[in-house]
Amino acid sequence: MKTKLTELLGIEYPIIQGGMAWVATPKLAAAVSNAGGLGVVGAAAMPPEILREAIRTVKKLTDRPFGVNLIMISPQFDEQVEVVLEEDVPVVTIGAGNPATYIPKFKERGMKVLPVVSSDSLARIVERAGADAVIGEGMECGGHIGDVTTIVLVRKLVDTVKIPVVAAGGIADGRGLAAALVLGADGIQMGTRFIASEECEAHENYKKMVLKASIRDAIVTGANLGHPARVIRNQFARKVRKLEVEDPMKAEEILVGSLRKAFQEGNIAEGSFMAGQSSGLIDSIKPVKLIIEETIKEAVEVLEATCRKYVGRG
Ligand SMILES: Cc1cc2nc3c(=O)[nH]c(=O)nc-3n(C[C@H](O)[C@H](O)[C@H](O)COP(=O)(O)O)c2cc1C
């Protein structure tokens with residue numbers, strides 16, 4: 001499947017794996033790149049030297065293009081940027097802020113830059129600053145969220161910018177990919193789907209939570225603290241929702257390290273199991289390669305069938 005995104009990134013399929021804090025390890029990223037998508041390491045709050053090691057590990061595991069995701073709220077963001085520049089990472093995705101002033105630095109090194117946006121205004125700004133594509137992330141997604149749905153955001157972005165648009169949030173299969181392409185996107189980014197993959201190194205409890213969740217089980221915590229995040233409903237999520245109203249300082253306190261506790265320990269009582277609404281669409285753990293191949297196959301089939309049904313040709 002060739003799109004402007006596959007051409008831009010030199011990949012086989014228009015599927016990016018979301019750069020997820022903790023979850024997007026070198027092993028997961030390399031598996032996605034080896035399967036023809038774009039694997040992305042989630043730098044989040046990694047100390048710079050650990051990030052350097054992670055990048056070198058991916059390079060050992062794949063010779064295909066891969067990316068690093070940076071978040072501008074990281075305490076060592078500037079140092080992480082230096083590492084990414086020094087290590088010649090092919091693609092960088094940047095979330096949680098306006099990266100306009102950083103884009104030229106990456107471009108000078110020949111890197112591709114894909115900011116994550118949740119509004120058309122920010123998309124316009126980053127396009128002007130030289131971004132190669134934008135990842136439009138709707139509020140259905142797992143992790144930190146904006147406030148516009150994927151269907152509205154992507155439709156708006158394709159009319160707003162000339163660079164390729166990648167749809168993220170709520171997409172977990174070929175029907176989601178087909179819908180994104182019909183809206184005018186050039187590809188998709190999936191996060192939650194890849195948590196339920198064999199190569200994902202999350203604790204088995206995390207994967208089970210994704211499999212068990214219904215479409216209404218991925219709720220928002222932290223909205224009252226100014227950093228809303230979508231997580232799977234559990235005892236801890238309920239506690240955070242209560243505390244963020246009654247005792248916000250305490251809520252902030254217990255949130256520290258809670259994603260790590262979910263990822264490494266599968267700690268149901270103290271873990272934030274970040275995942276999107278698409279958890280309710282996922283019912284099996286599969287190898288990354290199969291997830292990608294089935295997504296492409298289903299998208300092609302559903303696009304053909306829809307054309308036959310409504311337009312009268314295949
Ligand atoms: C556990 C988890 C952690 C995430 N961490 C980040 C992050 O550090 N940076 C970022 O840009 N996006 C992050 N995201 C968002 C993903 O990169 C991706 O855009 C999103 O998961 C796509 O929506 P989906 O979950 O519906 O597939 C995270 C998502 C999850 C589920």
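Below, the figures for the structure above:
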quantity	calculated
Residues located in the range 284-301, provided they are part of a helix (DSSP H, G or I) and either surrounded by fewer than 18 Cβ atoms within 10 Å (Cβ to Cβ) or of a type in the set (D, E, K, R) (or both)	LYS289, LEU290, GLU293, GLU294, LYS297, GLU298, VAL300, GLU301
Subset tally (residues that are buried (at least 21 other Cβ atoms within 10 Å of the Cβ), under 15 Å from GLU199 (Cα atoms) and more than 10 Å from the ligand (Cβ to nearest atom)) for the range 7-37	10
Verdict on LEU259 being surrounded by 15 or more Cβ atoms within 10 Å (Cβ to Cβ) and out of contact with any strand residue (DSSP E or B) (no Cβ under 8 Å at 6 or more places or on another chain)	no
Residues satisfying the stated conditions in the range 187-222, i.e. farther than 22 Å from GLY42 by Cα and of a type in the set (D, E, K, R)	LYS212, ARG216, ASP217
Residue check, VAL116 assigned to a strand (DSSP E or B), modelled with pLDDT of 95 or more and either buried (at least 18 other Cβ atoms within 10 Å of the Cβ) or in contact with a strand residue (DSSP E or B) (Cβ under 7 Å, 6 or more places away or on another chain) (or both)	yes
Any helices (runs of 4 or more DSSP H) falling wholly within the range 147-248 and containing at least 3 residues that are of a type outside the set (A, V, I, L, M, F, W, C)	150-160, 174-183, 204-212, 235-246
Test for ILE215: is it under 21 Å from the mean Cα position of the chain (by Cα), within 16 Å of the ligand (Cβ to nearest atom), under 25 Å from GLY37 (Cβ atoms) and surrounded by fewer than 17 Cβ atoms within 10 Å (Cβ to Cβ)	yes
Residue pairs meeting the criteria (Cβ under 7 Å; at least 6 apart or on separate chains; first without any contact (Cβ under 8 Å) to a residue 40 or more places away in the chain, in the range 5-28; second more than 7 Å from the ligand (Cβ to nearest atom))	GLU12/THR6; GLU12/GLY36; PRO26/VAL41; PRO26/ALA54; PRO26/THR57; PRO26/VAL58; PRO26/LEU61
Criterion violated by ASN69 - all others in (1) outside any loop (DSSP other than H, G, I, E, B); (2) surrounded by fewer than 19 Cβ atoms within 10 Å (Cβ to Cβ) satisfied	(2)
So SER258, is it within 15 Å of the ligand (Cβ to nearest atom), within 21 Å of the chain's Cα centre (by Cα), modelled with pLDDT of 95 or more and farther than 20 Å from VAL40 by Cβ	yes
Every pair of residues 6+ apart whose Cβ atoms lie under 6 Å, when the first sits in the range 45-66 and is under 17 Å from ALA35 (Cβ atoms) while the second is modelled with pLDDT of 95 or more and polar (S, T, N, Q)	THR62/SER33; THR62/ASN34; ARG64/SER33; PHE66/SER33
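The rows are residues; the columns are (1) touching a Leu at 6+ places or on another chain (Cβ under 8 Å); (2) within 23 Å of LEU255 (Cα to Cα); (3) of a type outside the set (Gly, Ala, Ser); (4) not in a loop (DSSP other than H, G, I, E, B).
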site: ALA45; (1), (2), (3), (4): no, yes, no, no
site: GLU49; (1), (2), (3), (4): no, no, yes, yes
site: ILE55; (1), (2), (3), (4): no, no, yes, yes
site: ASP63; (1), (2), (3), (4): no, no, yes, no
site: ASP78; (1), (2), (3), (4): no, no, yes, yes
site: GLU82; (1), (2), (3), (4): no, no, yes, yes
site: GLU127; (1), (2), (3), (4): no, no, yes, yes
site: ASP132; (1), (2), (3), (4): yes, no, yes, no
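The values are calculated or read from the model by the stated rules, or taken from the named source; none is laboratory data. Nothing here was measured: the structure is a model prediction, and the numbers come from that model. No Cβ is skipped: glycine too gets one built from the backbone with ideal geometry, and neighbour counts run over all protein chains shown.
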